[in-house]
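Below is one structure, written out as structure tokens; comments come after it.
The values are calculated or read from the model by the stated rules, or taken from the named source; none is laboratory data. All values reported here derive from a predicted model rather than from experimental measurement. Ideal geometry is used to build each Cβ from the backbone, glycine not excepted, and the neighbour counts take in all protein chains shown. Please note that ligands, DNA and RNA were not included when accessible areas were found on the heavy atoms of the full protein model with its side chains. Shrake-Rupley method; radii C 1.70, N 1.55, O 1.52, S 1.80 Å.
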Amino acid sequence: MPKSNLGVHEKLELHELLTFKTTCLTKSQTMASMVTDPNLKTILENDVRSGTEDIQQLRNLLV
């Protein structure tokens, strides 16, 4: 979706979503360094990976 097609309210909602995803990513990264259970660590690492991809996609929509 080209940026020229986004309304102001849509840009605001994307920005809010980007802020939320960034907060979630920070929390997952922080928790992953403290976790000792291998299964939970894998889940958090996967969340970090997918969260990073999601953030990049959102940034591409806003730029």
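Brief remarks follow.
- Candidates are the residues of region 51-63 that are out of contact with any helix residue (DSSP H, G or I) (no Cβ under 6 Å at 6 or more places or on another chain) and touching a residue at least 40 places away in the same chain (Cβ under 8 Å); the one that is farthest from residue 5 (Cα to Cα) is 59.
- Any hit, region 37-50, residues being outside any helix (DSSP H, G or I), touching a residue at least 12 places away in the same chain (Cβ under 8 Å) and among the aliphatic types (A, V, I, L, M): no
- Test for residue 45: is it within 9 Å of the chain's Cα centre (by Cα), open to solvent by 80 Å² or more (accessible area, probe 1.4 Å) and among the acidic types (Asp, Glu): no
- Complete set of residues in region 5-36 that are of a type outside the set (S, T, N, Q), open to solvent by less than 90 Å² (accessible area, probe 1.4 Å) and without any contact (Cβ under 8 Å) to a residue 24 or more places away in the chain: 7, 10, 31, 32, 35
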